[in-house]
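Each remark here refers to the structure printed beneath this line.
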Amino acid sequence: MNPDKRTEISIGGQVFKLRCAEGEEDKLREAAALVDAKIAELGRATGIVDSLRLALLAAFHFAYEQAGREEKNFQKSSEYKKLQKRLKQLVEQIDSGLSPGKSR
């Protein structure tokens, strides 16, 4: 990363000059455009004009989306499948132990 090279982005009407890894400039601009679009969308939807509040709402929105993606990824993981299988076995054991006619 060239410490002197900066990429200019605009979010919410404010210009930022940020450093990024060589070749990552387009990705940085795309991310800035996503944030800018989300802030504009939230401003229209809520009527909020305070840029700090809009930025915080946008940050929350992206964090919420990320949490959902992480949950979905976990549900696809082998660890999750193992836990599901084990829970099913435990429920079956409990059900068989509680079935009528079993002495306690």
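The values are calculated or read from the model by the stated rules, or taken from the named source; none is laboratory data. Keep in mind the model is a prediction, meaning the values are calculated, not measured. Quick reminder, even Gly has a Cβ in these numbers, built from the backbone with ideal geometry, and neighbours come from all protein chains shown.
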Inspect all residues belonging to segment 60-82 and state whether any of them is in contact (Cβ under 8 Å) with a residue 12 or more places away in the chain, within 12 Å of residue 12 (Cβ to Cβ) and not β-branched (Val, Ile, Thr).
-> no
So is residue 32 exposed (fewer than 11 other Cβ atoms within 10 Å of the Cβ) and touching a residue at least 12 places away in the same chain (Cβ under 8 Å) or not?
-> no
Conditions (1) within 25 Å of residue 4 (Cα to Cα); (2) surrounded by 10 or more Cβ atoms within 10 Å (Cβ to Cβ); number of the one not met by residue 23 = (2)
Across segment 51-61, what is the total count of residues that are out of contact with any helix residue (DSSP H, G or I) (no Cβ under 7 Å at 6 or more places or on another chain) and of a type outside the set (S, T, N, Q)?
-> 5
In contact with a Cys (Cβ under 6 Å, 6 or more places away or on another chain) and not basic (Lys, Arg): does that describe residue 28?
-> yes
Within segment 41-64, is even one residue more than 24 Å from the chain's Cα centre (by Cα) and surrounded by 10 or more Cβ atoms within 10 Å (Cβ to Cβ)?
-> no
Output for segment 12-23, where each listed residue is under 22 Å from residue 63 (Cβ atoms) and modelled with pLDDT of 95 or more = 16, 18
